[in-house]
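The values are calculated or read from the model by the stated rules, or taken from the named source; none is laboratory data. The model shown is predicted, which means the values in this text are computed figures rather than measured ones. So basically every Cβ, Gly included, is an ideal-geometry build from the backbone, and we count neighbours across all protein chains shown.
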């Protein structure tokens with residue numbers, strides 16, 4: 001399960017995250033899995049330290065999570081709601097994933113330009129090529145929303161000012177964009 005821990009802001013966790021993020025940026029802020037193992041380790045380390053600085057625990061296979069699903073097919077929502085199993089495709093290899101790929105936050109919906117977003121719940125069965133959780137046996141747990149509306153509403157109620165403050169600090173001290181940090185925070189969950 002995703003754990004939002006009781007969190008005490010510490011300068012040391014922020015400094016540790018800052019160092020790891022700067023190493024990822026020096027590597028060119030890669031998002032693909034087709035990079036050296038060393039670069040994948042640095043990216044994963046940056047993501048873990050960023051989440052730790054925000055008080056967010058990691059995700060593991062078997063955890064039942066609630067996450068966002070982005071799509072350009074409006075009818076997908078009704079299909080999933082009626083029990084149709086959607087299976088995602090790894091667009092790098094063309095192979096089918098073991099379930100439906102999702103994002104813990106809406107950064108992926110924004111980054112990939114999806115038109116629609118909705119929340120689903122289900123067990124994590126694997127991780128996709130970009131490190132995103134892949135869920136099986138999903139249940140719809142929110143209404144279908146235009147992606148821009150979902151993003152706006154999520155930020156308004158999100159993890160609030162504390163996380164925004166930490167992200168702003170990291171943007172100003174590392175040179176990373178907020179979108180890059182959101183990508184690390186929500187999508188890099190494995191090597």
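Under the condition of being at pLDDT below 75 and surrounded by 13 or more Cβ atoms within 10 Å (Cβ to Cβ), which residue from segment 135-157 is farthest from residue 74 (Cα to Cα)?
We begin by selecting, within segment 135-157, every residue at pLDDT below 75; these are 154-157.
Filter once more, keeping what is surrounded by 13 or more Cβ atoms within 10 Å (Cβ to Cβ): 154-155.
Working: 154: 20, 155: 23 Å.
Result: 155.
With the requirement that a residue be within 22 Å of residue 142 (Cβ to Cβ) and surrounded by 19 or more Cβ atoms within 10 Å (Cβ to Cβ), what does segment 43-87 give you?
Scanning segment 43-87 gives 56, 59, 67, 68, 69, 70, 71, 77, 80.
Can you tell me which residue within segment 95-105, out of those that are out of contact with any helix residue (DSSP H, G or I) (no Cβ under 7 Å at 6 or more places or on another chain) and in a loop (DSSP other than H, G, I, E, B), is farthest from residue 59 (Cα to Cα)?
Quick first cut of segment 95-105, residues out of contact with any helix residue (DSSP H, G or I) (no Cβ under 7 Å at 6 or more places or on another chain) only: 95-102.
Next, from what is left, pick out any that are in a loop (DSSP other than H, G, I, E, B): 95, 97-99, 102.
Numbers: 95: 23, 97: 18, 98: 17, 99: 16, 102: 12 Å.
Checking each candidate, the answer is 95.
Does residue 52 satisfy the condition of being within 21 Å of residue 181 (Cα to Cα) and in the same structural domain as residue 178 (by TED's automatic domain parsing)?
Values: within 21 Å of residue 181 (Cα to Cα): yes; in the same structural domain as residue 178 (by TED's automatic domain parsing): yes.
Yes, satisfied.
Run down 81, 119 and say which single residue is over 30 Å from residue 168 (Cα atoms) and outside the structural domain of residue 29 (by TED's automatic domain parsing).
On the way: 119 fails: over 30 Å from residue 168 (Cα atoms).
Result of the check over 81, 119: 81.
Sort out which residues of segment 33-62 are free of Cβ contacts under 8 Å to residues at least 24 places away in the same chain, over 20 Å from the mean Cα position of the chain (by Cα) and assigned to a helix (DSSP H, G or I), and write them in order of number.
38
Given the criteria buried (at least 20 other Cβ atoms within 10 Å of the Cβ), closer than 16 Å to residue 187 by Cα and touching a residue at least 40 places away in the same chain (Cβ under 8 Å), does residue 122 qualify?
Numbers: buried (at least 20 other Cβ atoms within 10 Å of the Cβ): yes; closer than 16 Å to residue 187 by Cα: no; touching a residue at least 40 places away in the same chain (Cβ under 8 Å): yes.
When the stated conditions are applied, residue 122 does not pass them.
Kindly indicate the residue of segment 162-191 that is more than 13 Å from residue 50 (Cβ to Cβ), modelled with pLDDT under 75 and part of a loop (DSSP other than H, G, I, E, B) and also farthest from the chain's Cα centre (by Cα) among those meeting that condition.
191
Which one of these is touching a strand residue (DSSP E or B) at 6+ places or on another chain (Cβ under 6 Å) and on the phi < 0 side of the Ramachandran plot: 129, 142, 107?
Working: 129 fails: touching a strand residue (DSSP E or B) at 6+ places or on another chain (Cβ under 6 Å); 107 fails: touching a strand residue (DSSP E or B) at 6+ places or on another chain (Cβ under 6 Å).
Residue meeting the stated conditions: 142.
Tell me, which residue of segment 106-134 that is modelled with pLDDT of 85 or more and assigned to a loop (DSSP other than H, G, I, E, B) is nearest to residue 30 (Cα to Cα)?
113
Checking the conditions here, which among 65, 92 is in contact (Cβ under 8 Å) with a residue 60 or more places away in the chain and either in a strand (DSSP E or B) or in the same structural domain as residue 182 (by TED's automatic domain parsing) (or both)? Talk me through it step by step, then tell me what you get.
Working: 92 fails: either in a strand (DSSP E or B) or in the same structural domain as residue 182 (by TED's automatic domain parsing) (or both).
Among 65, 92, only 65 is in contact (Cβ under 8 Å) with a residue 60 or more places away in the chain and either in a strand (DSSP E or B) or in the same structural domain as residue 182 (by TED's automatic domain parsing) (or both).
Within segment 77-89, take every residue that is in contact (Cβ under 8 Å) with a residue 40 or more places away in the chain and not in a loop (DSSP other than H, G, I, E, B) and give me the one that is nearest to residue 150 (Cα to Cα).
Restricting attention to segment 77-89, the residues satisfying the condition of being in contact (Cβ under 8 Å) with a residue 40 or more places away in the chain are 77, 80-81, 85-86, 88.
When the remaining residues are screened for being not in a loop (DSSP other than H, G, I, E, B), the result is 77, 80-81.
Numbers: 77: 14, 80: 18, 81: 18 Å.
The qualifying residue nearest to residue 150 (Cα to Cα) is 77.
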